[in-house]
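The values are calculated or read from the model by the stated rules, or taken from the named source; none is laboratory data. Quick caveat: nothing in here was measured; it's all calculated off a predicted structure. When we count neighbours, we look across all protein chains shown, and the Cβ atoms used for this are built from the backbone with ideal geometry, even at glycine. Keep in mind that these areas ignore ligands, DNA and RNA; they rest on the heavy atoms of the full protein, side chains included. Shrake-Rupley method; radii C 1.70, N 1.55, O 1.52, S 1.80 Å.
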Amino acid sequence: MIRHMKDLIENAAKGKKMTLAVAAAEDKDVLLAVKAAIKSDLISAQLFGNETAIRRIAVEIELDLQQLSIIPCDDFSISARKAVQAVSDKKADFLMKGLLDTSILLKEVLHKDFGLRTDRLLSHVMIYEPAAYHKFLLLTDGGMNITPSLDQKQMIITNAVEVAKALEISPVKVACVTAKEKVSEKMAATVDAAALKEMQKQGVFGDAVVVEGPIALDLAVSKEACRIKDFESPVGGDADILLVPTIEVGNGIGKTLTYMAQAPSAGIIMGAKVPVVLVSRADSAETKLYSIALGSVIASKMR
């Protein structure tokens, strides 16, 4: 099991070197992350975007462009299209969002002409390394799906489990987070959580996956809370994945881990034929580096 960001970097470096296609690469933190990833021998990279801006930033951060390919693009839409085309043509293995809006990139990812679309829902998965927790904590979906239905939650779990298995987590323990542990018709999230738990019993999520729900956040991550509340579950205090009921819950938990707990993190979009590295423009170059490493590890399993 990969438990720490340093282990994630090492794992990516040991595997086959993946090629990253960066859409709208004219972003300083993105290029700093690319520089660090190349220095750590994680990837090769193709940069799509404004060539003048890319070269200016490269000089500023001392990025050796001889190790990279620059594909000039007149605007963000063309940058996204050409980056996705590179992956479609197997000239690159995975994608990364640069300076452009997420919607511009995902429009091209979902375009039928490029063949990257699957029958699965796209969803966002963040991994965190909180100092107060004993392993990685995966959080989904605090970035894309606003109020997912039961069927969408099933696909969100499937996407997150794929990330967990790429991190060599087994069994994968999923906590369907709600405000209480008892099913209440007044709280739709508890009803969905119980249904997802039943799906797991029926083998919907495959082997080596345990789903618990409804379960409150404290019980998902704290053995002591489980002891005090007399809550017994293999997921209790040992969750790998937190499935949240709405984007607001996920966004709040994620930002709390980042800004209050200073937990290192990485972000990825799953559900397409290749992973898409997606982090906030406010995230540090370090977070972007970890996200590239995560994307590389997942891409190596998907290719």
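Of the Cα atoms belonging to the range 165-303, the radius of gyration and Dmax stand at 16.2, 46 Å. Computed from backbone phi, the HN-Hα couplings of the range 254-269 come to x, 5, 5, 5, 6, 8, 9, 9, 6, 7, x, 8, 8, x, 8, 9 Hz, rounded to whole numbers (Karplus: 6.51 cos²θ - 1.76 cosθ + 1.60, θ = phi - 60°; Gly and Pro given as x). Listed values for the range 172-183 are Karplus-derived 3J(HN,Hα) couplings in whole Hz (6.51 cos²θ - 1.76 cosθ + 1.60, θ = phi - 60°), namely 8, 9, 10, 10, 8, 6, 9, 8, 8, 9, 9, 6, and x replaces Gly and Pro.
For A266, the residues 5 or more places off, or on other chains, whose built amide H falls under 5 Å of its own are I127.
Farthest toward the positive end of the dipole of the chain, out of A160, L65, L105, is the Cα of L65, where the dipole comes from beta carbon charges about the Cα centre.
The slack between D41 and E198, meaning 0.36 nm per residue of separation minus the straight C-alpha distance, is 52.2 nm.
What does the highest-first list of 100-109, 26-35 look like by mean Cβ count within 10 Å? Numbers along the way, then the final one.
Numbers: 100-109: 18.0, 26-35: 23.3.
For the peptides 100-109, 26-35, the packing ranking is 26-35, 100-109.
Computed from backbone phi, the HN-Hα couplings of the range 19-29 come to 9, 9, 9, 9, 8, 6, 6, 7, 9, 4, 5 Hz, rounded to whole numbers (Karplus: 6.51 cos²θ - 1.76 cosθ + 1.60, θ = phi - 60°; Gly and Pro given as x).
Using only C-alpha positions, report the orientation-averaged shadow area of the convex hull of the range 95-226, nm², one decimal. Let's see the in-between values first.
On the way: hull surface 39.2 nm².
That works out to 9.8 nm².
Think of a 1.4 Å ball rolled over the protein heavy atoms: the chain then has 44 Å² of accessible area per residue. Could you work out what % of the accessible surface of the range 255-303 is carbon and sulfur, using a 1.4 angstrom probe and leaving DNA, RNA and ligands out of the count? Roughly 54 percent, rounded to a whole number. Excluding same-chain residues fewer than 8 positions from K35, which lysines have a Cα within less than 24 Å of its Cα? Straight-line reach from K35, under 24 Å: K6, K14, K16, K17, K82, K90, K91, K97, K288, K301.
Each residue was assigned an accessible area with a 1.4 Å probe, and for I247 the value is about 30 Å².
Could you order peptides 188-200, 169-181 by the average number of other Cβ atoms within 10 Å of their residues, highest first?
Highest to lowest by the protection proxy: 169-181, 188-200.
Its alpha carbons considered, the range 6-62 gives a radius of gyration followed by a Dmax of 11.9, 36 Å. For the range 170-217, the relative contact order works out to 57 percent when only alpha carbon pairs closer than 8 Å and six or more residues apart are counted.
Among 225-234, 47-56, how do they line up by average Cβ neighbours within 10 Å per residue, starting with the highest?
Going from most to least packed, we get 47-56, 225-234.
For the range 73-163, taking the reciprocal of the average inverse distance between every pair of different Cα atoms yields a Kirkwood hydrodynamic radius of 14.9 Å. Panel note: the C-alpha atoms of the chain, placed on their principal axes, show extents of 61, 38, 30 Å (largest first).
What part of the accessible area of the range 69-113, given as a whole %, is carbon or sulfur when the probe is 1.4 angstrom? Roughly 49 percent, rounded to a whole number. When all C-alpha to C-alpha distances in the range 1-129 are sorted into bins of 10 Å, what percent of pairs does each bin hold, rounded to whole numbers? Here the calculated profile for the range 1-129 is 13, 40, 36, 11, 0. Using only side-chain charges placed at the Cβ, +1 for Lys and Arg and -1 for Asp and Glu, the dipole size of the chain relative to its Cα centre rounds to 440 debye. In this structure, the amide hydrogen of G237, modeled 1.01 Å from its nitrogen in the peptide plane, lies closer than 5 angstrom to those of A220, V221, S222, counting only residues at least 5 positions away or on a different chain. For A45, the residues 5 or more places off, or on other chains, whose built amide H falls under 5 Å of its own are L20, S69.
Per the 1.4 Å probe, what fraction of the accessible area of the range 115-156, in percent, lies on carbon and sulfur atoms? So the carbon and sulfur contribution to the accessible surface is 52 percent. Quick one: among K165, K39, K182, which has the greatest mean-square fluctuation in a GNM of the chain with alpha-carbon springs under 10 angstrom? Among K165, K39, K182, the largest mean-square fluctuation in the Gaussian network model of the chain belongs to K39.
Highest GNM mean-square fluctuation among G213, G142, G203, for the chain modelled with Cα contacts below 10 Å: G203.
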